[in-house]
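Working notes, beginning with the structure itself.
The values are calculated or read from the model by the stated rules, or taken from the named source; none is laboratory data. This structure is a prediction, so every number in the text was calculated from the model and none was measured. For neighbour counting, all protein chains shown are included, and Cβ atoms are generated from backbone atoms with ideal geometry for every residue, glycine included. When the accessible area is computed, the model is the full protein with side chains, heavy atoms only, and any ligands, DNA or RNA have been set aside. Shrake-Rupley method; radii C 1.70, N 1.55, O 1.52, S 1.80 Å.
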Amino acid sequence: MPRRPRLRALVTGWVLVLVAGLGLAAFFYGVHLDRVIRGKFEGQRWALPARVYARPLELYIDRSLSPDRFQSELDRLNYHRVAAPASPGTYRREDDRFLVRTRPFRFWDGSEPARHLDIQFTADRVAGLEDADGGPDPALVRLDAMLIASIYPTHNEDRVLVRRKGLPDLLVKTLMAVEDRKFYRHLGVDPRGILRAAYSNLRAGTVVEGASTLTQQLVKNFYLNADRTFERKLKEAFMALLLERRYSKDEILEAYANEIYLGQDGSRAIHGFGLASSFFFNRPLSELDVPETALLIGLVQAPSSLDPRRHPEAARNRRDLVLDLMVREGVITPEVAAESKMADLGLEEGGGRPVGEYPDFITLVRRQLRRDYRDEDLRSEGLNIFTTLDPSVQAKVEESLAGRVVELERSRRMSPETLEVAAVVTSVTQGEVLAVAGGREPGYAGFNRALDAVRSIGSLVKPAVYLTALAQPERFTLTTNIQDRPVSLRDGTKRWEPKNYNHRVYGPVQLHSALARSLNLATVNLGLAVGVDEVAETLYRLGAQRRIRVVPSLLLGSVSMSPLEVAQIYQTLAAGGYRAPLRAIREVVDVHGRPLNRYPLAVEAVVDPKAAFLTTWAMQRVVTQGTAKWLGAKLPEGMTMAGKTGTTDGMRDSWFAGFSGDKVAVVWVGRDDYKPMGLAGGTGALRVWGDFMLALENESLPDGPPEGVVLASACGRKNVPYIGDSAADAKRCGGGRASGRKRTAGAGGEARVARADADGAVEREPRPAPKPKPTSTSSSENLFMSDFYN
């Protein structure tokens, strides 16, 4: 064979080998990239933040709700007041009548559709709830729940996922017109598009069209980094081809719409059109008009330099260029474009982020979640957490705390910011935590006194003493005379000798009057008669979780608790002896709306409802005649409430705990340094409590007594409740058989006792206290409170 053909054959062979080798390498590299693409595209594509929602406002006929409060709820949910509601999230008010177009929302138990409602109010109640389009009138409507917090992924990305069918046609057509005209025709890479974009940009003298397809942009954002190298560009194109081979155009478009980066909110990155619509315009994607859509699509090119809040002129110019491209591609007419260019940018503040700041309540939620979820799950799984927070109640509490505490400081000539305060509000029957304030500064994520300030509760313990006595109707009634006389018990080498607040002694006093007037000596004598250990057991049944030292000083509140713990005890009293463990969470669902852990209502009868009713009757007299009569004088006509003041030694702690027919509230006022402040329960905490509770809508306490309780006249009083046969004691004023005295720790002068110091902590170790009784043995047991304190 001649030499030249042999050389040619040799070169050809090596070229074929090289080509085969490169082809084989490309094949295996393609297999590797394909595995990478499928691994992320078919798995969990994004780390989604957990979103925390407040309780939704429910509407039904005869619900107690004022028109002004309803409008405040709509405004808090970012509904827009307009002349003629035409889209979801708009309303019109005509005096006490509202025309509202609600938004659709997916709850844990199903989806609430968008509705067009005609709502009428009469005497601060919902009088009419009609379908404004003539359809069947709904019996119950839930407004969309308010977002109150998000728990973000470690890298602080945030997005609101949107399905392909949820992308408005206007947005999709505009995106195609600007970024990828042949999206539905190319295979992932568009060589002609690259040439066309280069020509258009050259003619315009600026970048008006992108050269990469949407698929290439998705690959770059989803899989690669932003390095501008030839190698990365080739990899991007190769992966775009593979992505198109594996998935449909709509799947790719949906992923692009949720991945694209569109701005920054502090440390939080705004990804996807769904969140960007809320962030910039405070409206869902489906409600955007032409100029807003054009602005949003314009941001794709350069989110930072075109940020409409920081660079409004650049953003406007880019929007107008997009409007021109929309006209060129036939998306809109020239007239619509001209009108849209006259519109302002339409930016709204407060969108796409939680409404308000509720760090104290969120702390409570996170402690409950910590029992059931890992922190990484909360930061990546896109959980939706529906809580019990009532934003309107929380707002009233915060408003009252801020104003009243300043007034109290001025009245006592204290330096500003001397006093601190904490408050908890719950529902009566369900034990749902409606509001939490951990300090005087709302929205400040500092020390949460509502959960963690453990202070002596003083006279707040007294209802438990009287409840223990009234549960023994054969010995005690509300009109039984008990002795308000000095007590002297040995405490080592000293004597424990409690005194009344005013250092006076009143002798025989009727039981209900002793509680209303908060007489220390009468309470101690009563507690010694029923047994200090029995009082401790009553506290456990009411919901106390901490270990209680069984010593006589317990009868005057030597036990220390947080406001949240006190709220649990008073919830049980308010509910007539039925304890509902306090809960801050209603339901948790995953990103697809499937329910996960349930937090059911678990109610248990723990004390005699008849004795609880009698105790509540006496606590009503605390408000109308006793240490809280300041509140009684301010109650609206027909409104009844019950409660108890609490003051500790040296006036270091001021408490008030009380309830209406539907709400329980506890307030503590004091100093973080434990120094005296000169405020008793009736002059400090009661004033804060009254400010917000009187501003809220409340139900009165139930009038009718439970079965087994009869009403009789006694001692010049009408309708005094008695349990069963004990009503016979009404025939003789002060009747009852209270002389029997139970011997218990500290009941006799020689029994071993412990003395309480100024904050109520005992100095000597008492005998072991009885353990709390379990509230339930079912799988639905709510151990929320015990998680904090055991």
Margin query: Explain nothing, just compute: Karplus ³J(HN,Hα) = 6.51 cos²θ - 1.76 cosθ + 1.60, θ = phi - 60°, for every residue of the range 521-530 in order, whole Hz, x for Gly and Pro.
Written below: 5, 4, 5, 5, 4, 5, x, 5, 6, 8
Next item on the list: Rank-order 305-314, 647-656 by packing density, defined as the average count of other C-beta atoms within 10 Å over each peptide's residues, highest first.
Entry: 647-656, 305-314
Next item on the list: Quick one: work out Rg over Rh on the C-alpha atoms of the range 421-484, Rh as Kirkwood radius.
Entry: 1.17
Checklist line | Normalised convex hull volume, the range 589-646, alpha-carbon set, Å³ per residue | finding: 197 Å³
Checklist line | Amide proton proximity set for Gly661, modelled H, under 5 Å, gap of 5+ | finding: Glu699, Ser700, Leu701
Item checked: Per-selection Rg to Rh, the range 576-701 - Cα, Kirkwood hydrodynamic radius -> 1.08
Next item on the list: Would you please give the residues with an amide H less than 5 Å from that of Glu157, counting only those at least 5 places away or on a separate chain, with H modeled from the backbone geometry?
Entry: Ala269
Next item on the list: Using 0.36 nm per residue of separation minus the Cα-Cα distance, give me the extension gain between His592 and Val336 in nm, one decimal.
Entry: 88.3 nm
Check: Could you give the accessible area per residue of the range 549-611, probe 1.4 Å, as a whole number in Å²?
Finding: 28 Å²
Check: Are there chymotrypsin sites (Phe, Trp or Tyr not before Pro) in the range 375-449 that DSSP puts in a loop and that have at most 15 other Cβ atoms within 10 Å, and which ones?
Finding: Tyr444, Phe447
Item checked: Stokes-Einstein D for the range 493-562, Kirkwood Rh over Cα pairs, 4 °C, 1.567 mPa s (µm²/s) -> 98 µm²/s
Next item on the list: Quantify, in whole percent, the carbon and sulfur part of the accessible surface of the range 490-563 (1.4 Å probe; protein heavy atoms only).
Entry: 45 percent
Notebook entry, point to check: Hey, what's the Kirkwood Rh for the range 531-626 if you take every pair of different alpha carbons, in angstrom?
Noted result: 15.4 Å
Note to self: Give me the 1.4 Å probe accessible area per residue for the range 91-165, excluding ligands and nucleic acids, in Å².
What the structure shows: 49 Å²
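Going highest first, how would you order 579-586, 604-611, 695-702, 466-473 by mean Cβ packing within 10 Å?
Peptide ranking by packing, descending: 466-473, 579-586, 604-611, 695-702.
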Next item on the list: Write down the radius of gyration of the range 374-462 and its Dmax, each obtained from C-alpha positions, in Å.
Entry: 16.3, 52
Notebook entry, point to check: If you count, for each residue, the other Cβ atoms within 10 Å and average over each peptide, how do 417-428, 563-574 line up from highest to lowest?
Noted result: 563-574, 417-428
Next item on the list: Return the sequence-ordered ³J(HN,Hα) values of the range 450-460 in whole Hz as given by the Karplus equation 6.51 cos²θ - 1.76 cosθ + 1.60 applied to θ = phi - 60°, using x for Gly and Pro.
Entry: 5, 9, 10, 7, 9, 10, 4, 8, x, 6, 4
Check: Can you pull the three principal axis extents for the Cα set of the range 563-619, in Å, largest first?
Finding: 51, 22, 13
Notebook entry, point to check: Treating the beta-carbon of each Lys and Arg as +1 and of each Asp and Glu as -1, no other charges, what is the dipole magnitude of the range 87-146 about its Cα centre, to the nearest 20 debye?
Noted result: 260 debye
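Quick one: with all protein chains in place, what share of the accessible area of the range 651-710 is carbon or sulfur, to the nearest percent (1.4 Å probe)?
Result for the range 651-710: 48 percent of the exposed heavy-atom area is carbon or sulfur.
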Item checked: Separation of the Ala9 and Arg38 label points, Cα + 7 Å toward Cβ, nm -> 4.3 nm
Item checked: Probe 1.4 Å, protein heavy atoms only - accessible area per residue of the range 248-332 in square angstrom -> 32 Å²
Check: Expressed as a rounded percentage, what relative contact order does the range 579-679 have, with Cα pairs under 8 Å and six or more residues apart?
Finding: 15 percent
Next item on the list: Write out the trypsin sites (Lys or Arg not before Pro) in the range 483-531 meeting two conditions: DSSP loop, and at most 13 other Cβ atoms within 10 Å of their Cβ.
Entry: Lys499, Arg504
Margin query: What is the percent carbon and sulfur in the accessible area of the range 111-154, measuring with a 1.4 Å probe over the protein chains and ignoring ligands?
Written below: 48 percent
Checklist line | Estimated vicinal HN-Hα couplings, Hz - the range 570-585 in sequence order (Karplus 6.51, -1.76, 1.60; Gly, Pro = x) | finding: 6, 4, 5, 4, 5, 8, x, x, 9, 8, 10, x, 4, 9, 10, 10
Next item on the list: On each of the three principal axes of the Cα atoms of the range 43-165, give max minus min coordinate, whole Å, ordered largest first.
Entry: 51, 29, 28
